[in-house]
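Step one of this worksheet: look at the structure below.
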Amino acid sequence: MSVLIYANHDAGKFSKSVLELASYAFALANQTGGQVTALVTGNPAGSELDKLGKYGVAKILLTPEPGGRAFDNRAYAAFMASAAQASGASCVLFSDGSISRAVAPRVAVRLQAGYVAGVIGLPDSIEPFKIRRSVFTGKAYGFVEITSPVKVMILARNSWQIAENPVTCTVENFVPEIAVPAAGFEVVKVEEQTGAIRLQDAEVVVSGGRGLKSGDNWKILEELAGSLGAAMACSRPVADEGWRPHQEHVGQTGKVIAPNLYFACGISGAIQHIGGISSSRVIVAINKDPEAPIFQFARYGIVGDLFQVLPVLTQAIKKLKSE
Amino acid sequence: MKILVCMSVVPDTTTQIRFKPDMNSMETTGIQWIINPWDELALTRALEIREQPDSVVTQVSVVHIGLKDADPVIQKALAVGADSAYRVNVAAAGAMEVACQLSEVVKKEHFDLVITGHDSADYNGSAVGEMLAELLDWTSFSSISSFSAARDSITIEREMDSRTETIIAHPPCVLTIQKGIAKDPRIPSLRGIMGARSKPLLQLEPIPCTGTSAYVKFENPAPRSKCRMIDPANPEELVELLRNEANVL
């Protein structure tokens, strides 16, 4: 089947999740005898576009930024649906993130397509189309059957290995002949998050819970995160107490993340918290309570006092990194 | 301004999810059903705004797409302050069908603003709000962490992956909210619970909507291997294992 992906970029750079998406799309197209087209908005450098070819994209549709400067999901959806029709795609894929969550469901309506988010692998069967996804915030898997000719799917983060599949990649300018509704809203202020590593993209995450006892004790965690180049996270009680900003809350009602390595420090591991981290490749738990449920989910555990263990651990990591 | 809050009814977030022996559907016996936590926050914020002095919000209603067994959970929304509730009497198989049924309620009852939670705690679709907006041909905003209303405009904060935007928009529109919009959900008072009984909970019959996807089977995740415990006096061992055994450092 022909596959269309939305290759979004951050100031002209494709993120790891887009390369994962391209690799996944190539595998899907290859399995079913089709090719991968990517819609790219704006004007990334040619060398960045070449990257997509390296990961299996045979054709790039290059289009001006839909809807002007502010992100307008309606305009993006109109462009993406139009690109799907132009390229004859029967599968439209997005990587997970705030843009795709705002655009993909609209594309599904426009194309009268079945919609699945949280896809973690290739379809189990093509006819009928059945695919596995994680449900109940990672507590189980569900198999979804899609009956429509076109499918719109969002690939879960960190669920597909990047693989090089170099193909000849052509670039075409694409201007859809559609009326894009006027935005009808105004962005009056923008606050860029700079410096800090974005939690959803982080390979390593250091997370703290009630065991830290106070918002003032976060320094030992920040030092551990610093030694690892990790993003910071926290459990729900910590965000509710205002010890850390709610953007850092991971769990069923916060962010759902899938890093390679997750440090749960002073987090007991309530099932709601596990829901947000269960797709992590390796979980390390440090807790003074040997009965804490987090140890059932962790690969490595230390029962001990955080305030003694963490500084020593940080030193050991610094030493390793300096070798 | 008339606000409609869409609510799904989900298993309590502490639930250990189990499936029937044929693995085709969830085992629902013994499950405590609650309002999807994000929808509950959306309702909380809508009620806060309506209760402000000189508020432009004249009505806050809730809607649920589902069968009669959800009524006790819908009653809770009325008990914490919603003015009225609608339930479209159909067991919808997917987000598309839910959005299709919702669009009919919004059009018929002339709502100006629709609010949904960003992710339902069961199948984690987080698609209904955007699908609804597309069906209605309305503007929509996702990942909303703050929201206030003025005479003919609303001010919202939208959290994109690497920035937060403050936006002024004009109803009609659909908002999909995330955590941060309200702090704590409300607990119904006895007076609220009594009062809820006299508030309208209207059962509507479904319109024809075609679904495009359905869950056909479930699977439990593979059990995790046992946790390897490390001597707290020797965190260096952990570093060594993370590098050489797990290959993540």
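The values are calculated or read from the model by the stated rules, or taken from the named source; none is laboratory data. Keep in mind it's a predicted model, so treat the numbers as computed, not measured. Here the Cβ is made from the backbone with ideal geometry for all residues, glycine too, and neighbour counts use every protein chain on show.
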Between B:ASP71, B:ASP119, which is outside any strand (DSSP E or B) and more than 9 Å from every other protein chain (Cβ to nearest Cβ)? B:ASP71
Looking at A:ALA58 and the list (1) assigned to a strand (DSSP E or B); (2) within 20 Å of A:ALA77 (Cα to Cα), which single condition is not satisfied? (2)
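Being more than 20 Å from the chain's Cα centre (by Cα) and surrounded by fewer than 19 Cβ atoms within 10 Å (Cβ to Cβ) is the filter here; which residues of the range B:142-160 pass it?
If we filter the range B:142-160 for residues that are more than 20 Å from the chain's Cα centre (by Cα), which is where we start, we get B:149-155.
Across the range B:142-160, the qualifying residues are B:ALA150, B:ARG151, B:ASP152, B:SER153, B:THR155.
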The one condition B:PRO208 fails out of (1) free of Cβ contacts under 8 Å to residues at least 60 places away in the same chain; (2) closer than 23 Å to A:PRO105 by Cα; (3) within 11 Å of chain A (Cβ to nearest Cβ); (4) not β-branched (Val, Ile, Thr) is (3)
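When the residues of the range B:75-97 are filtered to those that are at pLDDT 95 or above and part of a helix (DSSP H, G or I), which remaining residue is nearest to B:GLY129 (Cα to Cα)?
Of the residues in the range B:75-97, the ones at pLDDT 95 or above are B:75-90.
Retained after the next criterion (residues that are part of a helix (DSSP H, G or I)): B:75-79.
Values: B:GLN75: 22, B:LYS76: 22, B:ALA77: 19, B:LEU78: 22, B:ALA79: 24 Å.
Among them, the one singled out is B:ALA77.
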Of B:PRO235, B:PRO221, B:PRO171, which residue is crowded, with 17+ Cβ neighbours inside 10 Å, of a type outside the set (Lys, Arg) and over 22 Å from the mean Cα position of the chain (by Cα)? B:PRO235
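Conditions (1) β-branched (Val, Ile, Thr); (2) surrounded by fewer than 16 Cβ atoms within 10 Å (Cβ to Cβ); (3) in contact (Cβ under 8 Å) with a residue 60 or more places away in the chain; (4) on the phi > 0 side of the Ramachandran plot, marked per residue:
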position: A:ILE162; (1), (2), (3), (4): yes, yes, yes, no
position: A:PRO166; (1), (2), (3), (4): no, yes, yes, no
position: A:THR170; (1), (2), (3), (4): yes, yes, yes, no
position: A:VAL175; (1), (2), (3), (4): yes, yes, yes, no
position: A:ILE178; (1), (2), (3), (4): yes, yes, yes, no
position: A:ALA183; (1), (2), (3), (4): no, no, yes, no
position: A:LYS189; (1), (2), (3), (4): no, yes, no, no
position: A:GLU192; (1), (2), (3), (4): no, yes, no, no
position: A:ARG198; (1), (2), (3), (4): no, yes, no, no
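Residues checked against (1) at negative phi; (2) within 7 Å of chain A (Cβ to nearest Cβ); (3) in contact (Cβ under 8 Å) with a residue 24 or more places away in the chain:
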{"site": "B:ILE177", "(1), (2), (3)": "yes, no, yes"}
{"site": "B:PRO185", "(1), (2), (3)": "yes, no, yes"}
{"site": "B:GLY192", "(1), (2), (3)": "yes, no, yes"}
{"site": "B:ARG224", "(1), (2), (3)": "yes, yes, no"}
{"site": "B:GLU237", "(1), (2), (3)": "yes, no, no"}
{"site": "B:ARG243", "(1), (2), (3)": "yes, yes, no"}
Is it the case that some residue within the range A:146-154 is more than 10 Å from chain B (Cβ to nearest Cβ), within 19 Å of B:LYS217 (Cβ to Cβ) and not aliphatic (A, V, I, L, M)? no
Search result, residues across the range A:117-130 that are modelled with pLDDT of 95 or more and at the interface with chain B (Cβ under 8 Å from one of its Cβ atoms): A:LYS130
Which condition does B:SER198 not pass, out of (1) polar (S, T, N, Q); (2) out of contact with any helix residue (DSSP H, G or I) (no Cβ under 8 Å at 6 or more places or on another chain); (3) at the interface with chain A (Cβ under 10 Å from one of its Cβ atoms); (4) assigned to a loop (DSSP other than H, G, I, E, B), if it passes all the others? (3)
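Kindly indicate whether B:THR139 is at the interface with another protein chain (Cβ under 7 Å from one of its Cβ atoms) and surrounded by 19 or more Cβ atoms within 10 Å (Cβ to Cβ). Walk me through how you get there before you give the answer.
Values: at the interface with another protein chain (Cβ under 7 Å from one of its Cβ atoms): yes; surrounded by 19 or more Cβ atoms within 10 Å (Cβ to Cβ): yes.
Criteria met by B:THR139.
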With the condition kept exactly as written, say whether any residue in the range A:279-298 is modelled with pLDDT under 90 and touching a Ser or Thr at 6+ places or on another chain (Cβ under 8 Å). yes
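Criterion first (assigned to a strand (DSSP E or B) and either of a type in the set (Gly, Ala, Ser) or facing chain A (nearest Cβ under 8 Å) (or both)) does B:GLU130 satisfy it?
On the way: assigned to a strand (DSSP E or B): no; either of a type in the set (Gly, Ala, Ser) or facing chain A (nearest Cβ under 8 Å) (or both): yes.
For B:GLU130, the condition - assigned to a strand (DSSP E or B) and either of a type in the set (Gly, Ala, Ser) or facing chain A (nearest Cβ under 8 Å) (or both) - is not met.
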Collect the residues in the range A:1-39 that are in contact with a Lys or Arg (Cβ under 8 Å, 6 or more places away or on another chain), of a type in the set (Ser, Thr, Tyr) and under 15 Å from A:ALA81 (Cα atoms), keeping them in residue-number order. A:THR37
Name the single residue, out of those in the range A:1-33 being in a loop (DSSP other than H, G, I, E, B) and without any contact (Cβ under 8 Å) to a residue 40 or more places away in the chain, that is surrounded by the most Cβ atoms within 10 Å (Cβ to Cβ). A:GLY12
